[in-house]
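Q: Okay, handing you the structure first.
Read the figures in this text as sums done on the coordinates, not as results from a lab. Note that the structure is predicted; figures quoted are calculated from it, not measured. With ideal geometry, Cβ positions are generated from the backbone for all residues, glycine too; neighbour counts draw on all protein chains shown.
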Amino acid sequence: MRGVRGLFLGLSALALAGCATGPASPEALAANDPYEQANRDMLKFNGKIDKYVVIPTVGLYFILVPEGGRRGVHNFLGNLSLPTIFVNDMLQGELSRAGKSMWRLTINSTIGLGGFFDPASKIGVSGHGEDFGQTLAVWGVKEGPYLVLPFLGPSNPRDAAGLMVDAAMDPTNQIPLKQHIWWSAGREYFTLLDLRAQTYQTIQGIQRSSVDYYSSLRSLYRQLRNEQIRNGRKQGQDLPDF
Amino acid sequence: MRPPFSLPRRALLLATLSAPALLTAGPAAAAANVAESFVDENIHKGLDILRDKKLSITQRRDQFETLLLGLVDVRRIGLFTLGQYRRTAPPEDVEAFLNAFKNYATAAYQSYFARYTNQTLKVTGSTQRSPTDFIVQTQLIDPSSSQQPSEVDFRVRTDTGKPVLVDVAYQGIWLSLEERDQFVAFLGQNNGNVRTLIAHLSELAVNLGKPTQ
């Protein structure tokens, strides 16, 4: 979504090239995960960053910032993403959803004091996510093999390319700030903090109940992305027979 | 001038033409209602057990397990989650796996549902995938939150006439699919040894039964 992500994506390409191992197992190939060993190594690396850097900061964030403040940060970050969501809604031909995104941006940027408050939801203009990875999927682009990106986690070539396009179309990246890298890194950091604070219990639950945490995440990521691409529509849901 | 019998004849013709549609739509709609009622009644029963503060931890676990095993087709789900290893594993290992899976699934379901005891569940409709395969859509509403309700779907099969639950999805993520992906990957990493999976599942079932820190 933002400039710093381009750096992460470049790093991930290098990491994958560096971690190239022997031939993939039949199970890995069947799961469309030919870089499984490199991906597992990357998940371990991300886990260490999470354990030693992110989680302690999330703890501090909970202690120092009250719930109302954390909600404000969450709303503000969500509001910053709305122009990108709007463009992707339009590119997917979802005019009604695009209208909602524009409404939310207008209401929350003004009455919501720059997006720190979310009066739009209170009057029934609820939010939704959208990104260029989903737009590519709607246009018929296949996801490609599963990837675990450094710092960013589960992905695939389509979604990784989508991140770069989203970063390019984000209006805040066009602001000619002298210290733009600090804005970009700060926003990225708070996005990570906010996301981790919101998903702390869920991820703990998955770790606790998983037989294989890596393949659990892979399955959850793919199912979640398919649900997001369908925009929650039940029709077309491809389920196996039991 | 119209003959006096025009209206009854038209009505008869309409009734004759629409009869096959009515005959097929009738049982389908009734079956969908059965699936919806099944979910509505039993999920509330399950949440009531988990909410009941008068029960001890053991009583709550036992009552929930009894209810769950009466509702869920654990054998069908267990065989599905083994993927291709169902065909290659020795039959005695498959049976031992199904027993371990039953204990794991009960503990896992209890752990998932225990997170939502302060919320209410509302059936919003259902989709028929085949004459005996239904997806019942529900919304999980948190009265203390202004957030949108979460969507929870239940997959119900009625092959034997009696409805049984075979899968549950939270916000579009199906639990049995995720379990199959995990188990198959785990077996792939462990030379297809189902006994290793059984040992791991048994350990997880014990850990999931312990209170969270």
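Q: Fewest Cβ neighbours within 10 Å first, please rank B:L165, B:L208 accordingly.
A: The fewest-first ordering by Cβ neighbours comes to B:L208, B:L165.
Q: So, one more: Please go through the residue pairs B:K53/B:K102; B:K45/B:K102; A:K122/B:K122; A:K122/A:K142; B:K53/B:K122 and name each one whose alpha carbons sit more than 27 Å apart in this structure.
A: Those over the limit are A:K122/A:K142.
Q: Still on this structure, I have one more. Could you tell me which of A:T110, A:L29, A:F45 has its Cα farthest along the dipole of segment A:28-152 towards the positive end, charges placed at Cβ (Lys, Arg +1; Asp, Glu -1), taken about the Cα centre?
A: A:T110
Q: How many partner chain Cβ atoms sit within 10 Å of a residue's Cβ in peptide B:167-177, on average, as a whole number?
A: That works out to 4 on average.
Q: Taking the 0 to 90 degree range and rounding to the nearest ten, how far is the long axis of helix A:36-49 tilted relative to the main principal axis of chain A, both from C-alpha atoms?
A: For helix A:36-49, the angle is close to 50 degrees.
Q: Cut-off is 10 Å between beta-carbons; in what order do A:W103, B:W174 appear when sorted fewest neighbours first?
A: Listed from fewest to most nearby Cβ atoms, that is A:W103, B:W174.
Q: Further question: What is the spread of the Cα atoms of the protein assembly as shown along each of their three principal axes, largest first, in whole Å?
A: 87, 74, 51
Q: Peptide B:122-129: average number of partner chain Cβ atoms within 10 Å per residue?
A: 1
Q: Using unit Cβ charges (K, R positive; D, E negative) and no other charged atoms, how large, in debye to the nearest 20, is the dipole of the protein assembly as shown about its Cα centre?
A: Dipole size: approximately 720 debye.
Q: About the Cα centre of chain A, how large is the charge dipole given +1 on each Lys and Arg Cβ and -1 on each Asp and Glu Cβ? Please answer in debye to the nearest 20.
A: So the dipole magnitude of chain A works out to roughly 480 debye.
Q: Can you show me the helix-derived [θ] at 222 nm for chain A, built from DSSP H runs with n ≥ 4 at -39,500 (n - 2.57) apiece and divided by the number of residues, rounded to the nearest 500.
A: About -21000 deg cm²/dmol.
Q: Can you work out D for chain A in µm² s⁻¹ from Stokes-Einstein, where Rh is the Kirkwood radius over C-alpha pairs, the temperature is 10 °C and the viscosity is 1.306 mPa s?
A: 82 µm²/s
Q: Give the average, rounded to an integer, of partner chain Cβ atoms located within 10 angstrom of each Cβ in A:115-127.
A: Average per residue, whole number: 1.
Q: Starting from the 7 Å offset along Cα-to-Cβ, what nm value, one decimal, do you get for the label separation of A:R196 and B:V206?
A: With each label point 7 Å from Cα toward Cβ, the separation is 3.2 nm.
Q: Under 16 Å from the 7 Å Cα→Cβ point of A:I55, by amide nitrogen: which residues of segment A:187-221?
A: Of the residues in segment A:187-221, A:193, A:196-210, A:213-214 have backbone N under 16 Å from the label point off A:I55.
Q: Would you be so kind as to identify which of B:Q119, A:M164, B:T81 lies farthest towards the positive end of the dipole of the protein assembly as shown, taking Lys and Arg as +1 and Asp and Glu as -1 on Cβ and the Cα centre as origin?
A: The residue sitting farthest along the positive end of the dipole is B:Q119.
Q: While we're here: When a footprinting reagent is the concern and you count Cβ atoms within 10 Å, what order do A:M42, A:M102 take, fewest first?
A: Arranged by neighbour count, lowest to highest, A:M42, A:M102 become A:M102, A:M42.
Q: How big is the charge dipole of segment B:37-103 about its Cα centre, in debye rounded to the nearest 20, if each Lys and Arg gets +1 on its Cβ and each Asp and Glu gets -1 on its Cβ?
A: 160 debye
Q: State, to one decimal in nm, how far the label point of A:L77 lies from the label point of A:A30, with both points 7 Å from Cα in the Cβ direction.
A: Label at A:L77, label at A:A30, 3.8 nm between them.
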